[in-house]
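**Q** There's a structure below that I have some questions on.
None of the figures in this text is laboratory data; all of them are computed from the coordinates on show. Predicted model only: the values in this text are computed from it and were never measured. All Cβ positions, glycine included, derive from the backbone under ideal geometry; neighbour counts span all protein chains shown.
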Amino acid sequence: MNQLTWLLKWIFRAAIFFTLLAFALNNQQDVTVHFFFGHEWTAPLVLVVLAAFTLGLAAGVLAMLPRWLKQRRAARQARRRAVADSELALSTLQPPHES
């Protein structure tokens, strides 16, 4: 069963790879991207699409980063609080030492 899952994963990965390869081979025409102030960039369409995807991915990660760091900080504080509370609970449960 484990080998079947492994094989299905690799077949899925290969299908994605060959689909993207076919997309790249079918979109080799040059396109021109016009920027402000007369600047332009001429490149194959697949590179323009890849650049747009990469810029969108980077923007999404940068937009998510502050919330992710805030949640990490809150989780760390909650973990410290939980450890301190459990240590306090353990210290109150232990009987005092008799001399």
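**Q** What does the convex hull of the alpha-carbon atoms of region 18-99 project to on average, in nm²?
**A** Numbers: hull surface 45.9 nm².
Over every viewing direction, the Cα hull of region 18-99 projects on average to 11.5 nm².
**Q** How far is helix 45-93 tilted off the main Cα axis of the chain, in degrees rounded to 10, range 0 to 90?
**A** 0 degrees
**Q** Mind checking the angle between helix 2-26 and the chain's longest principal axis? C-alpha axes, 0 to 90 degrees, to the nearest 10.
**A** The angle comes out near 40 degrees.
**Q** If each residue of separation counts as 0.36 nm, what is the full-extension length gain between residue 63 and residue 82 once their alpha-carbon separation is subtracted?
**A** Numbers: separation 19, 0.36 × 19 = 6.84 nm, distance 3.02 nm.
Fully extending the segment from residue 63 to residue 82 adds 3.8 nm.
**Q** With a ≥ b ≥ c the root eigenvalues of the C-alpha gyration tensor of region 2-65, is it rounded (a/c under 1.5), prolate (a/b larger than b/c) or oblate?
**A** Oblate shape, in that a/c is at least 1.5 and b/c is the bigger or equal ratio.
**Q** Please give the calculated 222 nm ellipticity per residue for the chain, where each DSSP H segment of at least 4 residues contributes -39500 (n - 2.57) and the sum is spread over every residue; nearest 500 deg cm²/dmol?
**A** Working: 2 runs with 74 residues, N = 99.
Helix contribution divided over all residues of the chain: -27500 deg cm²/dmol.
**Q** Would you please state which residues of region 4-31 a label at residue 43 would reach in this model, taking the label point 7 Å out along Cα→Cβ and a backbone N cut-off of under 16 Å?
**A** Taking a point 7 Å out along Cα→Cβ of residue 43, the residues of region 4-31 whose backbone N falls under 16 Å are 24-25, 27-31.
**Q** Check residue 31: other-chain or 5+ apart residues with amide H under 5 Å from its amide H, H built from backbone geometry?
**A** Sorted by chain and number, the residues that satisfy this are 43, 45.
**Q** Please identify every one of the chymotrypsin sites (Phe, Trp or Tyr not before Pro) in the chain that sits in a loop by DSSP and has no more than 10 other beta carbons within 10 Å of its own beta carbon.
**A** Counting only loop positions with at most 10 other Cβ atoms within 10 Å, the chymotrypsin sites (Phe, Trp or Tyr not before Pro) in the chain are 35.
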